[in-house]
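The values are calculated or read from the model by the stated rules, or taken from the named source; none is laboratory data. A quick note: this is a predicted structure, and the numbers were derived from the prediction, not measured. With ideal geometry, Cβ positions are generated from the backbone for all residues, glycine too; neighbour counts draw on all protein chains shown.
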Amino acid sequence: MLHVKTFSFNLLQENTYVVYDDTNECVIIDCGAYYQEERDALVNFINEHQLKPVHLLCTHGHFDHNFGINTVFDTWGLKPEISADDEWLITDIPGQFQAMAGIKLNLSFPEPGHYFANDEVIRFGTHQFKLLRTPGHTPGGVSFWCEEEKVVFTGDTLFRMSIGRTDFERGSYTDIMHSLQHVLAALPADTKVYTGHGPQSTIGDEQQYNPYMNA
């Protein structure tokens, strides 16, 4: 059985996920912990549940989804795993933050430790994620799909009744529409969607009510 712990972190209320099964191996998805109390909450949850982090997964390279990757690296030695198409973002988290907030970020961050292959399968415990290429919000956007448990982690590609912005640098409305209508829409309707911000949904609900899924 798959267990999902959701944290809402930082000034943009980004969703960070700790996903684990009965083996106690876990993956951390989009570690956006910014404030010290958020970093402590993540570490304490993992330690209290006696979990063993084995992957630090990134749906994309924006700063709000990666503020906490240094804490994960410092605590467990894991480097971020991301699409090579978003290397330019995740290697400049301070620059991104200063451009948006006008605040200098005096933190250092680990370099990516792994770039996803097109047919990547990410294994932990007795489960696995299939990598889905879902660009548009960023050129390297990906989603993580567990077919067995019927869950998908979509980052900022798909929100409940909405989608991620495409007006940021190197965003593409054409690409995100393809990701929505030809990649995510192809998943089973009862697949639970864990989004990058906001509440959960299902593929079926999004197909029925989200205009972008059927435009």
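Brief remarks follow.
- Here region 175-215 is the region considered, the condition is being acidic (Asp, Glu) and more than 16 Å from Leu132 (Cβ to Cβ), and the residue that is surrounded by the fewest Cβ atoms within 10 Å (Cβ to Cβ) is Asp190.
- Residues being of a type outside the set (Phe, Trp, Tyr), out of contact with any helix residue (DSSP H, G or I) (no Cβ under 7 Å at 6 or more places or on another chain) and within 11 Å of Cys58 (Cβ to Cβ) - total across region 77-119: 7
- Boolean, Leu57 is within 15 Å of Asp156 (Cβ to Cβ), aliphatic (A, V, I, L, M) and in contact with an Asp or Glu (Cβ under 6 Å, 6 or more places away or on another chain): yes
- In the condition set (1) at pLDDT 95 or above; (2) within 19 Å of Glu148 (Cα to Cα), Met1 is compliant with all but (1).
- Looking only at region 24-62, residues that are charged (D, E, K, R), without any contact (Cβ under 8 Å) to a residue 60 or more places away in the chain and touching a Phe, Trp or Tyr at 6+ places or on another chain (Cβ under 8 Å) come to 1 in all.
- Within region 1-32, being under 12 Å from Phe45 (Cβ atoms), of a type outside the set (Val, Ile, Thr) and out of contact with any Ser or Thr (no Cβ under 8 Å at 6 or more places or on another chain) holds for His3, Lys5, Tyr20, Cys26.
- The criterion of being surrounded by 19 or more Cβ atoms within 10 Å (Cβ to Cβ) and among the aromatic types (Phe, Trp, Tyr) holds for Trp145.
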